[in-house]
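S.K.: A single structure is presented below for examination.
Read-outs throughout are calculated quantities, based only on the coordinates presented, and are distinct from any laboratory measurement. Predicted model only: the values in this text are computed from it and were never measured. All Cβ positions, glycine included, derive from the backbone under ideal geometry; neighbour counts span all protein chains shown.
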Ligand code: FES
Ligand SMILES: [Fe+2]
């Protein structure tokens, strides 16, 4: 199951170049700088993005917003302790906005989607007026779940409990009680389904199990402004995977919040993309970002543009005066535009190619890119297991109605992503999953009490835990 890393076939020239890179990157830290101030040698992500004219149409990508948040070790018990997990179940999950489904999962009145997290379950319904509503998924009679965990469907005229057949209208008001003569003590207006706060952003339907929660917009922070031209609401779910991962949900999620691991975990990528030069942004307690340029070549390796172009898989020569990345973006706009039935000629180079990941507290990631159009969601299923869902959000074809969302493909803890048809990221995701098996063993075995995070590259993880503490410390400390 756990394949050893492949030995890369590299030329002598590349070996020398890699040695030079490693010498530069493993030089001692400059202690004259303030903590968190140091950066990888070589050109920055901003240097590159600002040198490409098309990126000026995406001003959100031309912002860098880093913050030093401290350098204390973060206890492993935050991942391995059942008591900590139980506190999250009590203080975090019932109080925080969570992305439940896409709007296209429930396009018509009577469509529904069931969203579950730990013991909490919400039934998301589109009512007769087309309004999306969320209800506690529990019958007011004797508590029966009204729909099965994870289920979705359409054509409901009423929400009918499968146990004794009581029914509610799609707006949650009571419709029918069989043997009504036996319930003189029920007043219709006090026997509706329990409605939950529900809101929509960029085609994503969010729910909160706390009726007194703050508005979703407070948590979204910069997201609506940054995503306003990226059209995620006009995309559809082309692929949907649902995989069980081995490890605490935060541990697994954090494996996707930094690119520091690329050298050791995904070594085949270091020739064509930036890695240690990845930009990390903290936009507030709930929103962070990484911005990793792709098809740049590695700014710390001695590479010609012609070499980079070949590494990107092209046999024909790079046109004179053109960078490999800009030519690759041109090629991809045309190729992917044809494949998607969508005019991509106006898409910036960065949105076309780059790995741009926004994380929204507590458990979701949104990539606005075209070539890397990922959406992630992580949900705990126990202390040491979680579900990682990935959706590929493809642009809707021009002039056509939105295709139906792909059905989720379920993958067990030992299953490879290679089982998913036409899934270009399978190998990379399998490499990440291998790490989780080992990291979960090591976190539990560690005699060192905590993990030591990088000041810049892993600041998103620290920011995340500081926000988590805000939830955990707001309730009773029992
Ligand atoms: S539990 Fe739902 S009708 Fe009885
Ligand atoms: Fe990875």
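S.K.: Could you list 92, 193 in order of exposure, starting from the residue whose Cβ has the fewest other Cβ atoms within 10 Å?
M.R.: Numbers: 92 22, 193 25.
Arranged by neighbour count, lowest to highest, 92, 193 become 92, 193.
S.K.: Next up: With 10 angstrom as the radius, rank 388, 240 by how many other C-beta atoms surround their C-beta, starting from the fewest.
M.R.: On the way: 388 24, 240 20.
Ordered by Cβ neighbours within 10 Å, fewest first: 240, 388.
S.K.: Residue 51 to residue 426: extension gain in nm, 0.36 nm per residue of separation minus the Cα-Cα distance?
M.R.: The residue 51-residue 426 span can extend by a further 131.8 nm.
S.K.: While we're looking at this one, here's another question. In what sequence do 323, 34 fall when counting other Cβ within 10 Å, fewest first? Numbers along the way, then the final one.
M.R.: Details: 323 19, 34 8.
Ordered from fewest to most neighbouring Cβ atoms within 10 Å, 323, 34 come out as 34, 323.
S.K.: For residue 469 and residue 31 in one chain, what is 0.36 nm times their gap in residues minus the Cα-Cα distance, to one decimal in nm? Show your work: numbers first, answer last.
M.R.: Working: separation 438, 0.36 × 438 = 157.68 nm, distance 3.00 nm.
Working it through step by step, the gained length comes to 154.7 nm.
S.K.: Taking the Cα atoms only, what angle lies between the long axis of helix 324-340 and the longest principal axis of the chain, rounded to 10 degrees?
M.R.: 30 degrees
S.K.: With a cut-off of 8 Å between alpha carbons and a minimum separation of six or more residues, what is the relative contact order of the chain in percent?
M.R.: Taking the mean separation of contacting Cα pairs over the length of the chain, I get 20 percent.
S.K.: Between residue 331 and residue 410, what is the FRET efficiency for a Förster distance of 30 Å, r being their Cβ-Cβ separation, to the nearest 0.05? Provide the component values of the computation, followed by the final result.
M.R.: Numbers: r = 35 Å, r/R0 = 1.17.
That gives a FRET efficiency of 0.30.
S.K.: In addition: Going by Cα centres, region 56-108 and region 158-187 are how many Å apart?
M.R.: That distance is 38 Å.
S.K.: Can you tell me the 0 to 90 degree angle between the C-alpha axis of helix 459-472 and the longest principal axis of the chain, rounded to 10?
M.R.: Approximately 20 degrees, to the nearest 10.
S.K.: Express in whole angstrom the spacing between the alpha-carbon centres of region 211-290 and region 401-478.
M.R.: 11 Å
S.K.: On to the next question. How much length would be gained if the chain were fully extended between residue 444 and residue 346, taking 0.36 nm per residue of separation minus their Cα-Cα distance, in nm to one decimal?
M.R.: Working: separation 98, 0.36 × 98 = 35.28 nm, distance 4.93 nm.
Length gained between residue 444 and residue 346: 30.3 nm.
S.K.: Given labels modelled 7 Å from the Cα in the Cβ direction, how far is it in nm from residue 454 to residue 265?
M.R.: It works out to 1.2 nm between the two label points.
S.K.: What distance in nm separates the two pseudo spin-label positions at residue 185 and residue 151, each 7 Å out from Cα along the beta-carbon direction?
M.R.: So the label points at residue 185 and residue 151 sit 2.9 nm apart.
S.K.: For the ranges 127-139, 149-161, what's the packing order if you count other beta-carbon atoms within 10 Å of each residue, average per peptide, and put the highest first? List each step's numbers first, then the result.
M.R.: On the way: 127-139: 17.4, 149-161: 15.1.
Listed from highest to lowest mean packing, they are 127-139, 149-161.
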